[in-house]
Each structure stands twice: as structure tokens, then as C-alpha cells.
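Report on the following structure.
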2 protein chains.
Amino acid sequence: MTVPGPSLSESCAVLQQACDPVTCNNCGIYQLCLPLGLNQADLSLLESIVRRKVVYKRGEILFRPGEPLDYLYAIRSGSVKTYVSTEDGRVQITGFHIAGELLGLSALASRQYSSEARALETISVCKVEISRLDEIVQQMPSIQYQMLRIMSVQIRQDEEQMLLLGKRSAEERLAEYLVGLSRRFSSRNYSGTQFRLSMSRLDIGNYLGIAEETVCRLLSRFQEEGLITTDRRQICLKDIERLGALAHMAVAA
Amino acid sequence: MTVPGPSLSESCAVLQQACDPVTCNNCGIYQLCLPLGLNQADLSLLESIVRRKVVYKRGEILFRPGEPLDYLYAIRSGSVKTYVSTEDGRVQITGFHIAGELLGLSALASRQYSSEARALETISVCKVEISRLDEIVQQMPSIQYQMLRIMSVQIRQDEEQMLLLGKRSAEERLAEYLVGLSRRFSSRNYSGTQFRLSMSRLDIGNYLGIAEETVCRLLSRFQEEGLITTDRRQICLKDIERLGALAHMAVAA
DNA sequence: CAACTTGGTTGACTCAGATCAAAACGCGGC
DNA sequence: GCCGCGTTTTGATCTGAGTCAACCAAGTTG
């Protein structure tokens, strides 16, 4: 369980450029490398094994619960939502995933998804056959450790999301959501203060456990208070400091 | 990523007896084996490496966020709650864990806990040093796969909990909670219809994202309607069928 | 056994946010 | 340009569950 191979930060330095979904027009395999913490040698090996790009149109479904798990998805461009649903049709969005992020690991071991994933806009992904991943793991055992790491991060995020859904006011939820988005964008070399939401108010509300209308009202109020400016889905954060304070950021440590 | 070693069900058959926290008075190492899917050969190997039993009294803390991760915890008897908290002191319980369950995997890869764990009553656990786990993994690579599997289950549970916290009424939450508990108990050979809650109304409310008083009111109502009977923490489910219907059980698949 | 403590129960009141309703906006298609 | 449709915004009203407060039951302690 000691970290094998190159550290994540080392790999990041090497791959940052290649992984940027804007500059990287090659195969989405690079998208897979950053989260998996691979170096360039591993990269070319990986590349020789898998190479499969797919495009989904807005609204199309990548996978659904009950289906056998055949692929891992690395998002090259666009964004995706994942959600679980009750029998009687209510839906809870469990996450939004943007370019450069990895989808499907959560259900890797059980060979079945518990959630459904749907494209929010036209997206491009790299599908990696799980069966081929066997080969990869055999040649690069360190990958398995990295997958543990990713899943552990996922669990941490889910727990924070539980805290949010169980204990926070609507205002705190939305503030936290915006600041969180900002962080994710800036960690991927996009602007952290100005970005376009790929999800509707309805989706945001669903994700945060509040009503569509409440999202609108709060966005309007944030704008009145000079915290943000909005134009439909274009968002500009004017005072991240104060927004973070509103959100009572976050779990200790 | 193919399942190595014995299947989980095979291991279960072998270990079921040994893992029962009532009949098993030996080392809690058995507790570790069931979830990890080990056979008896692995078991004795494991046993030769780790052997560390610890007792915590009610209210004592097993680990807290920010602390370096040194141990994995297999619960031998009693029960434990884990929770995350905001800076300003609000708390969200993320899970209750009963005898036979495993604690600490979620933060394995990042070497740090995000949550805090506290004993609900006097408990007995088997602490496994992570550093020793290295040895184990080297000799039993299949363990790493099993850990993936466990974490994947954890993620699935967390997602269902998110659905519960985001989209369900207080009534549904409590009904689902009771039915879920019933399942867990009966899967460990306890009575699924009659059991003792180790957690207070306050904890239950916190876990479900509702107030203590609401838990009381609902339990009273369930009793009036003949769904359950309660005497303080002793619970008896009279009509699991109808209770399940109330909960709108559960995620498809 | 009287004084405390802790956990559980019940009632009355309040409010954040859901729901209902309707208007305004933006955008692709023709 | 104009139409139709999905999304966003705003307003008015309603309600589930939170909050506050009082009380009870069962241990515990001195």
C-alpha cells in the first residue's frame, strides 16, 4: 500500500499539458492518465492497448443501472451527470462530471453500475474496456492502487455531499456548490471566476436537494448582494471570499 | 480485474460460522476475512501477521479527521458511528457500523480519515496496522481487489443515502432506515424483526437529516398504525411489508 | 430515597422552502 | 420575422418539519 511508481504531482507536471481537453486533440487516453497518476512510459503502453473514442449527443445515456459493466469512461470534452432513482420515478443527481474526469470506477469491482449517466451536452469520451484493463493492471500493478485512491476520494466527496444534503440551508448549499465548481475549473486550468454552467437550474436544484425556483431566487439574491453576476448559464464569481463564508466551507481537514 | 482466489460466497460459507461475533470468541481477525473474501489458508497467514484486539468504551473516539491513518478496524462486537462535521460544529452522521463490519477502508489510499468514528457502546475491535497490511497485500494480491469491491459497495451505499437525504420525506426516511437495519441484522443471523437500537433518537435523526422530535413522533405514529412496537430502544417490526411500501424501497436494480 | 441526569415523548408555534401560477426570455426552425 | 418550446424568473400561497418548551420514565449518585 505504499505509493508505487511516480507520485501524482510528478505525473501531473508531465501530463498537465497533454490532459488539457482544449489543447489535447489526440485520444482521450490522456484523460485517463492524469487521474490514474501515470508517467509517459506507462502512457504509451496504455495507448497501445486501448484506443476508442465515442461521441454522445446531449441527453444520451452512457450507462444505466442493471447493465453489466463493460467500460470505464474518461471524459474528453463536455459534461455528464450521474444519478440514482427510486421506483416511483424520483431522481437524485449524485454528481456532475466535467472534462478530464473519470467515470465508472465506483462500480468497477461489482461489475455493475448503481447509477445512470447522461450527457448534458454533446460530449466526447474515451471508453476503455474493463477486460482490456486486466492486461493493463497486469503490466502496471500500480494502477490498482491509484484506483483505490480515486475511489477513496469519491467516498470523501460523497460524505461531504451527505453533510450538505442533511445539514445545510439552501443558501449554504448553493454557495458551496459555486465555490466547489470554481475550484474544479481552476484546477483544470480554466478560469475559476468565470465559467459556463452546463447544467440547468433544475439539475442544480435536484443535485443540491432544493427546488428549481429556490435556485433562481438565490442566484438573484447573490447578484443583488454583489457576490456574482449571471447571464443565463454564464456565471461570474465576484467575491469568492464572501461566498465561501456563506457556505461555511467545509469539512475540517 | 477478474476475481482472483475464492469467490466471496465460497469464503462466506467457510467463514460464516467463525465470523459470527456471538459464537466467535477468538481474534477479530475473522471479522476481517469475511468482507475481504479470504479462505482458510489466507486466514492463518493473516492471523500470523496481525493480532491486535482493542476495547473502546462508549463515547470513545476510534479516529478523527486530520490524524494520519495507521489502522484498519474490524468490529468484533458493539457498534460505531462515523460522522463528518462543519467548522461551526454541525454534524452529519455518515453511517452506523455493527459487529462484523469493517471501518477505515474509505480513507485507505489517502492515508487520512475524512470522518470521525465514535463507539456507541463498549466495543471490541481488531486493529490492523496499515503498514503490516503491505506485507499481507504482497503475499495476497487478491486482497487489493477485495478492497476495491468493498469501497465500491461503500460508494453505492453513500449514493443511496444521498438519494434519501435529498429526495425523501421524513416518513420515508425512517421507514427505509428500519427496513435497512432489519436486513443487516438478519444477514448476520440476528433476528430481522426484533432488535435493539444501539443509537439514540438524536443520532438516528441526525443520520436521516431530521430532528430528534420528528423521529419520536414518527415512531409513535408507526406504532399507532400497528407497523411496529417500541419500548425505548427495543424495536419490533410487525409489518415489514407495509413499512417497505412506506419507504418506497429502493434504488432500481 | 431525594436530588440529578439522560433520553424519550408530546404539544404549540413558526418559518424556510416547496408548490402553484404566470409571465418573460432565448433560441432553433421555417 | 414569427412561431413554439424549453428554460428562467418572479410572485403568492401553503405546509412539513424544525424549534422551543414542558414533562415523563429510568437510571445513578450521594
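Taken together, the values in this text are just the output of simple stated rules run on the coordinates, not laboratory data. Bear in mind the structure is a predicted one, so any value in this text is a computation, not a measurement. Ideal geometry is used to build each Cβ from the backbone, glycine not excepted, and the neighbour counts take in all protein chains shown.
Things worth noting here:
- Charged-residue dipole, Cβ positions (Lys, Arg, Asp, Glu), region A:168-246 about Cα centre, Debye nearest 20: 320 debye
- Partner shielding of B:206-214 amounts to 1, given as the average count of beta-carbon atoms from other chains within 10 Å of each residue beta-carbon.
- All other residues whose Cβ lies under 13 angstrom from that of A:Ser114 are scored, Lys and Arg at +1 and Asp and Glu at -1, for a net of -3.
- Around the amide H of A:Gln112, modelled in the peptide plane, lie the amide H atoms of A:Leu69, all under 5 Å away and 5 or more residues distant in sequence or on another chain.
- Ascending list, in nanometres, of distances separating the B:Lys57 label from those of the other copies (7 Å, Cα toward Cβ): 6.8
- Around B:Arg64: net Lys/Arg minus Asp/Glu count, Cβ-Cβ under 12 Å: -2
- Taken one residue at a time, the phi angles of region B:231-238 give Karplus couplings (6.51, -1.76, 1.60, θ = phi - 60°) of 9, 6, 8, 7, 10, 10, 7, 8 Hz. Gly and Pro are set to x.
- In region A:168-246, the ratio of gyration radius to Kirkwood radius, Rg to Rh, stands at 0.92 when only Cα atoms are counted.
- Virtual spin-label span in nm between B:Ser191 and A:Arg217, 7 Å along Cα→Cβ: 4.8 nm
- Local electrostatic count, B:Arg168, Cβ distance below 14 Å [Lys/Arg +1, Asp/Glu -1]: -4
- Residue-by-residue Karplus 3J(HN,Hα) for region A:153-160, coefficients 6.51, -1.76, 1.60, Hz, glycine and proline x: 4, 4, 4, 4, 4, 4, 5, 5
- Entries of B:Lys53/B:Lys81; A:Lys167/A:Lys238; A:Lys53/B:Lys167 with Cα pairs more than 29 Å apart: A:Lys53/B:Lys167
- Inter-site label distance for A:Leu202 and B:Val55 at 7 Å from Cα along Cβ, in nm: 5.9 nm
- Virtual spin-label span in nm between A:Arg232 and B:Glu121, 7 Å along Cα→Cβ: 6.0 nm
- Copy-to-copy label separations for A:Ala245, where each label sits 7 Å from Cα toward Cβ, in nm and ascending: 5.3
- Protection-proxy order for peptides A:149-160, B:235-246, each taking the mean of Cβ atoms within 10 Å per residue, highest first: A:149-160, B:235-246
- Sequence-distant residues sharing a close amide H with A:Ser77 (under 5 Å, placed H): A:Ser124
- Under-5 Å amide H pairs with A:Thr94, H placed in peptide plane, nonlocal only: A:Thr82, A:Tyr83, A:Val84
- Projecting 7 Å from Cα along the Cα-to-Cβ direction, the label point of B:Ala170 sits 1.9 nm from its equivalents in the other copies, listed shortest first.
- When only Cα pairs below 8 angstrom with a gap of at least 6 residues are kept, region A:152-253 shows a relative contact order of 32 percent.
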